[in-house]
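The values are calculated or read from the model by the stated rules, or taken from the named source; none is laboratory data. On a predicted model such as this, the values are computed, not experimentally measured, just so you know. Ideal geometry is used to build each Cβ from the backbone, glycine not excepted, and the neighbour counts take in all protein chains shown.
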Amino acid sequence: MSEPNDAHVITEIKDRVLTIRLNRPDKKNALSQAMYTAMTEALKQAAADDEIRVVLFAGTRDAFTAGNDLQDFLKQPTRFNDSAVGRFIDALGHFPKAAVAAINGPAVGIGVTLLLHCDLVYAGENTRLQLPFVNIGICAEFASSLLLPKIMGHARAAELLLLGEPFTAAQAREYGIVNAVLPDAEVDAHAFERARRLAQQPPNALRVTKMLMKRWDSAQVDEAIQLEASHFLPMLRQPEAIEAMTAFMSKRKPDFSAFK
């Protein structure tokens, strides 16, 4: 398997498990377009390689991902399907094999929404998750406006999406986003063992069962992704988002008092 084309994404194959590890610790693994492209390439190669049966997403010891690198993210194309993010969302959303995630530290934005498209998720006890889309003047993505209410009910999903406040690994487990919470130092090993166990299952039975589980929602998920994107990308260039991101860069509190 060829190496991804970005040094901030490291891949390793062991026991038929492909680990895709985010490795930009100085930025808390904030995702650049090049990192999205590398992850997409790895997923496509994994889908086509019979020797790979499971993909495992992981970060560094202190962070899964702080979300998108805002300065890089604003450079993306205005058409969702032409963007590095859009191609990654399509690759993971339609990935036919089992996907597992091990998360530690901050898991922000797409660091949470991608978990909704994994089959098993394990979190360190000090993980802090956050969906701050509204806080920065944009809307939910990766079908999270559909999947979060479906998983945990409208009231809990509304609290996470509309207020955008951090929540704990224990809450994520209670809400049905993660399978188990473990000591931080044990998360990677536990997630890998679960991934390896999946890789020992009959591969066709695993793929068909995953397909059947996703089959009933797949058209809705695709529709939600496209509908969210049709609002998300224009909102990036509207005054609310500009104020939020300018304030973030300037390390000040945004002021939305004049907006309607």
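Filtering region 11-54 to residues that are crowded, with 17+ Cβ neighbours inside 10 Å, free of Cβ contacts under 8 Å to residues at least 40 places away in the same chain and in a strand (DSSP E or B) leaves Thr11, Leu18, Ile20, Arg21. Taking (1) closer than 15 Å to Thr65 by Cα; (2) surrounded by fewer than 20 Cβ atoms within 10 Å (Cβ to Cβ); (3) in contact with a strand residue (DSSP E or B) (Cβ under 6 Å, 6 or more places away or on another chain) in turn, Arg173 satisfies each apart from (1). Restricting region 208-260 to residues that are without any contact (Cβ under 8 Å) to a residue 24 or more places away in the chain and aliphatic (A, V, I, L, M) leaves a set whose member that is farthest from Leu148 (Cα to Cα) is Ala258.
Every residue, every condition in (1) at pLDDT below 95; (2) more than 18 Å from Ile20 (Cβ to Cβ); (3) out of contact with any helix residue (DSSP H, G or I) (no Cβ under 7 Å at 6 or more places or on another chain), yes or no:
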position	(1), (2), (3)
Ala169	no, yes, yes
Leu182	no, yes, no
Phe192	no, no, yes
Arg197	no, yes, yes
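Filtered by the rule that a residue be part of a helix (DSSP H, G or I) and either modelled with pLDDT under 95 or exposed (fewer than 15 other Cβ atoms within 10 Å of the Cβ) (or both), region 208-221 gives Val208, Thr209, Met211, Leu212, Met213, Arg215, Ser218, Ala219, Gln220.
Looking at Thr209, Thr246, which one is polar (S, T, N, Q) and farther than 30 Å from Thr78 by Cα?
Details: Thr246 fails: farther than 30 Å from Thr78 by Cα.
Answer to the check: Thr209.
Exactly one residue among Leu129, Leu115, Leu148 is under 15 Å from the mean Cα position of the chain (by Cα), closer than 15 Å to Thr65 by Cβ and without any contact (Cβ under 8 Å) to a residue 60 or more places away in the chain, and that residue is Leu129. Criterion applied to Ala185, Ala224 was being assigned to a helix (DSSP H, G or I), surrounded by fewer than 13 Cβ atoms within 10 Å (Cβ to Cβ) and not basic (Lys, Arg), and the one residue passing it is Ala185. When the test is whether a residue is assigned to a helix (DSSP H, G or I) and touching a helix residue (DSSP H, G or I) at 6+ places or on another chain (Cβ under 8 Å), Glu165 does not pass it. Inside region 177-215, residues that are over 20 Å from the mean Cα position of the chain (by Cα) and basic (Lys, Arg) make up a count of 4. Here Ser145 clears all of (1) over 20 Å from Ala224 (Cβ atoms); (2) polar (S, T, N, Q); (3) part of a helix (DSSP H, G or I) except the condition numbered (1).
Select, from Asp50, Asp69, the only residue that is over 16 Å from His94 (Cα atoms), acidic (Asp, Glu) and in contact with a helix residue (DSSP H, G or I) (Cβ under 7 Å, 6 or more places away or on another chain). Steps first, please.
Values: Asp50 fails: in contact with a helix residue (DSSP H, G or I) (Cβ under 7 Å, 6 or more places away or on another chain).
After applying the criteria, what remains is Asp69.
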